[in-house]
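Visitor: My structure is below; once you've seen it, I'll send some questions.
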Amino acid sequence: MSATPIALRLRAQWLATRRPLSSRCLLLTRPRGSPVTHLSRRPFYSSSTEDTRASEPKIDNGSIFAPLDTFPRRHIGPNAETAEEMLRALDPPAKRLDDFVAQVLPSTILSSKDLKVEGPMPESGSMPTSEGGYSESQLLARLREIAGENKVYKSYIGCGYAGTRVPEVIKRNIIENPAWYTSYTPYQPEISQGRLESLLNFQTVITDLTGLAIANASVLDEPTAAAEAMTLSFNALPAARLKRSKKVYLVSHLCHPQTIAVLESRASGFNITIEVADVLKDNSKQVEEIGEDLIGVLAQYPDTLGGVEDFRGLVDKVHELKATFAVGTDLLALTLLTPPGEFGADVAFGNAQRFGVPLGFGGPHAAFFAVSEKHKRKIPGRLIGLSKDRMGDPAARLALQTREQHIRREKATSNICTAQALLANMNAMYAVYHGPNGLRRIAEKVAKMARVLAKALEQAGVEVKQPVAFDTIVVKKREAGLFAQKAAQLLLINFRVVDNETIAITIDETVGKKQIDEILRAFTTEEVDVVQLAEGLDAASNLPEMLKRTSPYLTHPVFNSHHSETEILRYMHHLQSKDLSLVHSMIPLGSCTMKLNATTEMVPISWPEFANIHPFAPMDQTRGYAELIGELERDLAEITGFHAVTLQPNSGAQGEFTGLRIIRKYQEQQPGKKRDICLIPVSAHGTNPASAAMAGMRVVTIKCETTTGNLDMQDLKAKCEKYSEELGAIMVTYPSTFGVFEPQIKDACDLVHQHGGQVYMDGANMNAQIGLCSPGEIGADVCHLNLHKTFCIPHGGGGPGVGPVGVAEHLAPFLPGHPLVQGVGGETGIAPVSGAPWGSASILPISWAYIKMMGARGLTHATKITLLNANYILSRLKPHYPILYTNEQGRCAHEFILDVRKFKDTAGIEAIDIAKRLQDYGFHAPTMSWPVANTLMIEPTESENKAELDRFCDALISIRGEIAEIETGEQPREGNVMKMAPHTMKDLLREEWDRSYSREGAAYPLPWLRERKFWPSVARLDDAYGDMNLFCSCAPVDTVEGGGMTGAAAPAPT
């Protein structure tokens, strides 16, 4: 929608500052992709604690028409009075909020500009809020306008995405339920048993349907799952084969095109050659020709055009060469087809989207990944396993965490951090709700309708190119592109254009007789009796016998018990009740930013205009998405100080990989030696070195000062000089993972630039920067953001996430493109990193809404309050615990490290004991043993009010008193309240009580817990037992007793 010059002037005048039109306001209407230039005026928006009060609506003659439902006061926890109290309680106290901010941030990095975020337009009839942002009702009205620009046509495009009927009971109680979407990755299993059980159900669905031994709890999307299969194949090679100069991954030409494109992006970092070919041609002759250079083969089953083949002979040849065979597949099809594990596949992966998750313009969707017994300890991503708790009861947990990036760093085989847990839980509930018989009925209906359509088309004289194996019909049609355009214009339906003479049509569970008739009308004017054609059809009659499924699946009671809405509702609520989330208390995880996920932000993701659009739908049907995505990209560029932004990466770690691939592409075009050295501080996120290694860079570690936690500038200078001609980049987190704004960050950037390197800033801690400073102004060339942290997309119990990447102007040409959608990325963009052009597009309205409702002033004020909240907790805990790092003023950034290492010697207490005891107080633990072993990193956010901060502080102070009792000998070093934590109701209701502390002291250590008590559902887990006895599917029906169930004794042993 274009605006007149008058409208532009009015719009600018109604922004947060309410200043007259000036040259700076023209920035609001700069063309997309044009350089960002600003006039300096003051460092950042000045504000005080009264700004929170200022966002409260007032009724007077001047503002009677202003909206009352302003948003910042709903998002920011402390009010004006409590914020003043917190300033006075700081150590040392601060008089004013801006004075405090100046004590936290180095003066050298303060922004030279005010943020500008476009607010409501006066010509639309809206009045502005005091922050210049939208009110909640204004925001929803604007979103309705944007959604109206999207055209929800019926799509038969397929290509790895299919329509689905999302059960309303699952939609309302999972994806629209904050008890599910505000929880964190289940690192603390005692307060996470609900979603752990659900994810275990998901893993069972995958292992049962694929016929493989073990599956993980989801990965990002199908193409990145394919890339993980390739790297698993690479890492599974014998050592001698890894030394060969050429390593080939053979990919079927019938894999989805977006999968092949993403493989190219990942392969370059490992020096793997991708060869795309007909893998079955001439009895798989190409496999023999590649010989010892082969690391693996990838096929699609059913393939991208819907065909199925017998891969047994190919599998045998691949295994003779000690390579791996991976197959991309479809869960619904596997209810009818022979599972991959039964014909020898080592890896099976795919998109679980059609199990009850909307198309969402490409995501987020949970991909699945299953492997054979041989590869179970190399499987990427999260893995849920069964163990037992302190009382011997079975309990689920995250298994094999020694594979995690923060432990293995550059030796990690994958950089996966965020997965797609929330969507995997939807998939699991879809399977639980329908059960094995229901899923088979859906599959049979889809297959029969596809066969009916094929018969009807043939009857009408249309050439069907191949027998229909499951859900896809391929037909010959001259000028296929023009035909598809007319079908969309006249019948509001989308077909897939394979080439100029081929159309593909994919049927799904939402298709009925009406839709079949509409498809036929696109091809013929003849009347076809599809009801008669459907009589007597067998869903699998076109399949050869060796490809028909005969093995049972989903036999566990959980998939055969909850088929009424009453039962599934109670089951979901039962699981929900076991998990602690933001609906119960603050989650103070350092570097995780667990802030409010406001309902107004979340509402649009279920709207059909956003949820029901295929990622490859024609662009004239997705103008609303284009408008929203363009605005979000421009706002993020404004906030970060960069020239351009891509929203394609669907996790923070994917953002890291994307940014480094962009740098690699840029450096390859520079003269001189190969620049592949990546400098990474020892304090870096574990995904940093893993991402660098995946991008084909050599990691060199930079020291940090032991006293301040800051970068060791002498070591940085020495490494820059040593590797001057090979330096590609430095990865630095800002503020640092030690919780301080490093004062010499600009000097570090300048130093790296002087030696030809690029500066990559990890944006995990961006919540401490917005409006006060920016990566671009500091000197970074690239920065990824975490929309699931800083910009309010919920964590979902371990995903979804979005990891946009902002770049300086010289790197903009290299932003990732896409093979199926034009106009994505830069002119010479790198290969895509996600299957969909804009990654997890359907959750982008959440971050867009947050930015628009907060406005420029609201965003800046929120940053100040998040700094205040962290320093308030630090000041309260400082008399009781050592604080590891602060700046010269005694301030931290938005997080800080509580040093509890000394308690191991004085009381035998470690960080894990404090973490478990906090559960008895109703709190999730802070980040444990990272970035410093046996410490706790605490990060509140601006969303928590003073009362909640005080409850958390009171809990930790009370725990310090419990530790003191052990130190003085009042309590024993073993069997004390800390070592036995957390305490379940079952534990406390034992008939005998022979412990050194009381039941009341265990359950209610502080008075307010009697009113607000969250009970852990299991006692402390035995981690070592779980890893030694790996069992990763639904728990056996019988209770584990005695010595427990080992992997060897378990059904379907792993």
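Visitor: If I filter region 884-893 for residues that are within 29 Å of the chain's Cα centre (by Cα) and not in a helix (DSSP H, G or I), do I get at least one hit?
Guide: yes
Visitor: Quick one: how many residues across region 525-556 are open to solvent by 60 Å² or more (accessible area, probe 1.4 Å) and not in a loop (DSSP other than H, G, I, E, B)?
Guide: Residues meeting the conditions: 4.
Visitor: How many residues are outside any strand (DSSP E or B) and within 32 Å of the chain's Cα centre (by Cα) when one looks only at region 314-327?
Guide: Summing the residues that are outside any strand (DSSP E or B) and within 32 Å of the chain's Cα centre (by Cα) in region 314-327 gives 1.
Visitor: Of everything in region 265-281, what is part of a helix (DSSP H, G or I) and either modelled with pLDDT under 95 or surrounded by 18 or more Cβ atoms within 10 Å (Cβ to Cβ) (or both)? Give them in sequence order.
Guide: S265, R266, A267, S268, G269, F270
Visitor: Within the set of pairs 6+ apart or on separate chains, which have a first residue in region 278-289 that is in contact (Cβ under 8 Å) with a residue 40 or more places away in the chain, a second that is among the basic types (K, R), and C-beta atoms under 8 Å apart?
Guide: From residues that are in contact (Cβ under 8 Å) with a residue 40 or more places away in the chain, there are no pairs.
Visitor: Any chance region 471-482 includes a residue that's closer than 18 Å to A162 by Cα and among the aliphatic types (A, V, I, L, M)?
Guide: Scanning region 471-482 turns up at least one residue that is closer than 18 Å to A162 by Cα and among the aliphatic types (A, V, I, L, M).
Visitor: Do we find a residue being touching a helix residue (DSSP H, G or I) at 6+ places or on another chain (Cβ under 7 Å), under 27 Å from E85 (Cα atoms), without any contact (Cβ under 8 Å) to a residue 60 or more places away in the chain and assigned to a helix (DSSP H, G or I) anywhere in region 971-989?
Guide: No, because not a single residue in region 971-989 is touching a helix residue (DSSP H, G or I) at 6+ places or on another chain (Cβ under 7 Å), under 27 Å from E85 (Cα atoms), without any contact (Cβ under 8 Å) to a residue 60 or more places away in the chain and assigned to a helix (DSSP H, G or I).
Visitor: Please verify whether S577 is free of Cβ contacts under 8 Å to residues at least 40 places away in the same chain, within 22 Å of A428 (Cβ to Cβ) and either buried (at least 19 other Cβ atoms within 10 Å of the Cβ) or of a type in the set (G, A, S) (or both), treating the condition exactly as stated.
Guide: Answer is no for this residue.
Visitor: Any chance region 307-321 includes a residue that's out of contact with any helix residue (DSSP H, G or I) (no Cβ under 8 Å at 6 or more places or on another chain), under 30 Å from G801 (Cβ atoms), among the charged types (D, E, K, R) and touching a residue at least 12 places away in the same chain (Cβ under 8 Å)?
Guide: So far as region 307-321 goes, no, none of its residues is out of contact with any helix residue (DSSP H, G or I) (no Cβ under 8 Å at 6 or more places or on another chain), under 30 Å from G801 (Cβ atoms), among the charged types (D, E, K, R) and touching a residue at least 12 places away in the same chain (Cβ under 8 Å).
Visitor: Let me ask something else about it. Of the residues that make up region 202-216, is at least one buried (at least 24 other Cβ atoms within 10 Å of the Cβ), in the same structural domain as L298 (by the TED database) and assigned to a loop (DSSP other than H, G, I, E, B)?
Guide: Within region 202-216 (the criterion being buried (at least 24 other Cβ atoms within 10 Å of the Cβ), in the same structural domain as L298 (by the TED database) and assigned to a loop (DSSP other than H, G, I, E, B)), the answer is yes, since at least one residue qualifies.
Every residue, every condition in (1) buried (at least 18 other Cβ atoms within 10 Å of the Cβ); (2) within 30 Å of T737 (Cα to Cα); (3) within 36 Å of the chain's Cα centre (by Cα), yes or no:
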{"position": "T941", "(1), (2), (3)": "yes, yes, yes"}
{"position": "E944", "(1), (2), (3)": "yes, yes, yes"}
{"position": "I957", "(1), (2), (3)": "no, yes, yes"}
{"position": "T968", "(1), (2), (3)": "no, no, no"}
{"position": "M978", "(1), (2), (3)": "yes, yes, yes"}
{"position": "P982", "(1), (2), (3)": "yes, yes, yes"}
{"position": "E991", "(1), (2), (3)": "no, no, no"}
{"position": "W1008", "(1), (2), (3)": "no, no, yes"}
{"position": "R1012", "(1), (2), (3)": "no, no, yes"}
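Visitor: From the list I914, I909, I897, pick out the single residue that is assigned to a strand (DSSP E or B) and on the phi < 0 side of the Ramachandran plot.
Guide: I897
Visitor: One residue is enough: does region 686-705 have a residue meeting the conditions aliphatic (A, V, I, L, M) and surrounded by fewer than 16 Cβ atoms within 10 Å (Cβ to Cβ)?
Guide: No.
Visitor: What's the total number of residues in region 362-400 that are aliphatic (A, V, I, L, M) and under 14 Å from P186 (Cα atoms)?
Guide: Summing the residues that are aliphatic (A, V, I, L, M) and under 14 Å from P186 (Cα atoms) in region 362-400 gives 8.
Visitor: State which residue is farthest from the chain's Cα centre (by Cα) when the search covers only region 502-519 and only residues that are open to solvent by 30 Å² or more (accessible area, probe 1.4 Å) and farther than 20 Å from P358 by Cβ.
Guide: Selected residue: D517.
Visitor: Now a separate question. Go through region 665-684 and give me each residue that's farther than 26 Å from L632 by Cα and either touching a strand residue (DSSP E or B) at 6+ places or on another chain (Cβ under 9 Å) or of a type in the set (S, T, Y) (or both).
Guide: Q667, K674, R675, D676, I677, C678, L679, I680, P681, V682, S683, A684, listed by residue number.
Visitor: Looking only at region 282-313, count how many residues are open to solvent by less than 40 Å² (accessible area, probe 1.4 Å) and either part of a loop (DSSP other than H, G, I, E, B) or over 24 Å from C159 (Cα atoms) (or both).
Guide: Matching residues across region 282-313 total 15.
Visitor: Here's another thing I want to ask about it. For A225, only one of the following conditions fails: (1) at pLDDT 95 or above; (2) within 17 Å of I384 (Cα to Cα); (3) not polar (S, T, N, Q). What is its number?
Guide: Failing condition for A225: (2).
Every residue, every condition in (1) of a type in the set (D, E); (2) surrounded by fewer than 24 Cβ atoms within 10 Å (Cβ to Cβ), yes or no:
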{"position": "R142", "(1), (2)": "no, yes"}
{"position": "G148", "(1), (2)": "no, yes"}
{"position": "V152", "(1), (2)": "no, yes"}
{"position": "S155", "(1), (2)": "no, no"}
{"position": "G160", "(1), (2)": "no, no"}
{"position": "V166", "(1), (2)": "no, yes"}
{"position": "R172", "(1), (2)": "no, yes"}
{"position": "E176", "(1), (2)": "yes, yes"}
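Visitor: Of the residues F470, F483, only one is of a type in the set (F, W, Y) and within 25 Å of Q532 (Cα to Cα); which?
Guide: Result of the check over F470, F483: F470.
The values are calculated or read from the model by the stated rules, or taken from the named source; none is laboratory data. Note that the structure is a prediction, hence the values are computed from the model and not measured. Using ideal geometry, Cβ is built from the backbone for each residue, glycine included, and neighbour counts are taken over all protein chains shown. All accessible areas refer to the heavy atoms of the entire protein, side chains included, with ligands and DNA or RNA removed. Shrake-Rupley method; radii C 1.70, N 1.55, O 1.52, S 1.80 Å.
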